[in-house]
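Before any comments, here is the structure.
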Amino acid sequence: MVELLLGLALGLLVVLGLAQQYAGGRASASSLMAQADAQDSGRYAMAFLQRSAAAAGHLGCNGRAVHLMSTLNGGWDDLFEFNLSRPVQGFDYQGDGTSTALDDWAPSLAPLPRQADGGTVNALDPGTGIHLGRLAPGADIIVFRRLRQPASALAAGLAPHGDPVVRDSAHGRFRAGDVALVSDCGQAAMFRITGVAAAGPGQSVLRRASGSGPYDNDGGRSLSESGRRYGGAAHAEGAQVAQVVTEIYFVGYGAGRREAGLWRRSGVSRPEELVAGIVDLQVRVGVDDDHHDGFDGPNRYLPLSAVADDQVVRSVAVAVTAASGDATQRIAQVLSLRNAW
């Protein structure tokens, strides 16, 4: 009997040891999986940001060499969704970590396309603004502006007061209401497309009638302040037309959801969640204080709220924090801007 009891006790100890080892291994595996998931989410988020940064400020040629103008009634600062004069823009969170009011960010979120009492503010299309109450307190907001690719080549030279005629699939690519940019390697002009019609085999004409709203064309302005054509008298010679796209990245929540994620509002569309599990976004920009010294790299990094209008932004330092279960992963990267503002 004593030997039997001793055997049972030893067996029980062995079983308890195996069970404890199994539980520990399972917890360790679960923790490793959570860390891997968080790391993957951070990498996916960074990949989206990297692609947008690489294209920001591209105006068909080197953005710094192109004279940019707009033919819309509204000024650049009134057209947040199309303000190509600011390829990179951002908002630095400075609140108490609990609220998401306009002035919790610096500069204020007042120009942001958003949903407010009474409808949509600062947005071309109603119902497409960002809900402030769904933003994550503590996270910064970063904005990149670019041209949608591939662009459409002009089919012929364009006079300053003319309507652009573009090649191939443009009839399906452009729509009435789009805001686009015609550009060559010397000048670029933003305009509103008011109609698209066939202009011959494989060609479409983009109408640009005038209107009175801030997003409408100013009938008194041409596409060139110097009166110069785009392309030659008969040929386009590299001139092109592309839609203007503004991408706003922020950390936020879906309706009724408690899990944060990385969201993007692209163009004039409603915001969409790109990567779940992103809980923070922090941004600093590398500025070139002396852009006449022949060195195109950043001299120092500043928070978004400290960037002056006359400072040239050369790079963006981004850090995203992803969470999965009890695991968090922070990924930081410096994103170079090929076309500085």
Problem set entry | Selection status of A47, open to solvent by 30 Å² or more (accessible area, probe 1.4 Å), within 16 Å of the chain's Cα centre (by Cα), aliphatic (A, V, I, L, M) and at pLDDT 70 or above | yes
Exercise. Which condition breaks for H67 when tested against (1) of a type outside the set (A, V, I, L, M); (2) at pLDDT 95 or above; (3) open to solvent by 40 Å² or more (accessible area, probe 1.4 Å); (4) touching a Ser or Thr at 6+ places or on another chain (Cβ under 9 Å)?
Worked result: (2)
Seminar exercise, completed: Subset of region 318-341, residues crowded, with 16+ Cβ neighbours inside 10 Å and without any contact (Cβ under 8 Å) to a residue 40 or more places away in the chain, comes to A319
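For (1) under 17 Å from W105 (Cβ atoms); (2) in contact with a helix residue (DSSP H, G or I) (Cβ under 9 Å, 6 or more places away or on another chain), each residue gets a yes or a no:
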{"position": "A239", "(1), (2)": "no, no"}
{"position": "E247", "(1), (2)": "no, yes"}
{"position": "V251", "(1), (2)": "yes, no"}
{"position": "A255", "(1), (2)": "no, yes"}
{"position": "G267", "(1), (2)": "no, yes"}
{"position": "E272", "(1), (2)": "no, no"}
{"position": "A276", "(1), (2)": "no, yes"}
{"position": "A317", "(1), (2)": "no, no"}
{"position": "R330", "(1), (2)": "no, yes"}
Seminar exercise, completed: In the set S99, S183, S85, the lone residue that is open to solvent by less than 20 Å² (accessible area, probe 1.4 Å) and among the hydroxyl-bearing types (S, T, Y) is S183
Exercise. Would you call F191 in contact (Cβ under 8 Å) with a residue 60 or more places away in the chain, touching an Asp or Glu at 6+ places or on another chain (Cβ under 7 Å) and not in a loop (DSSP other than H, G, I, E, B)?
Worked result: no
Seminar exercise, completed: Scanning region 202-211 residue by residue, those at pLDDT 95 or above, farther than 12 Å from V179 by Cα and open to solvent by 50 Å² or more (accessible area, probe 1.4 Å) turn out to be A209, S210
Problem set entry | Residue list for region 103-151, restricted to those being basic (K, R), within 21 Å of S85 (Cβ to Cβ) and open to solvent by 50 Å² or more (accessible area, probe 1.4 Å) | R148
Problem set entry | Wholly within region 103-170, strands (runs of 3 or more DSSP E) carrying at least 3 residues that are touching a residue at least 60 places away in the same chain (Cβ under 8 Å) | 141-147
Exercise. Of A176, A199, which residue is part of a strand (DSSP E or B), hydrophobic (A, V, I, L, M, F, W, C) and either modelled with pLDDT of 95 or more or touching a strand residue (DSSP E or B) at 6+ places or on another chain (Cβ under 8 Å) (or both)?
Worked result: A199
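The values are calculated or read from the model by the stated rules, or taken from the named source; none is laboratory data. A quick note: this is a predicted structure, and the numbers were derived from the prediction, not measured. Neighbour counts are summed over all protein chains in view; Cβ atoms, including those assigned to glycine, are modelled from backbone coordinates with ideal geometry. Remember, those area values only see protein heavy atoms, side chains included, never the ligands or the DNA or RNA. Shrake-Rupley method; radii C 1.70, N 1.55, O 1.52, S 1.80 Å.
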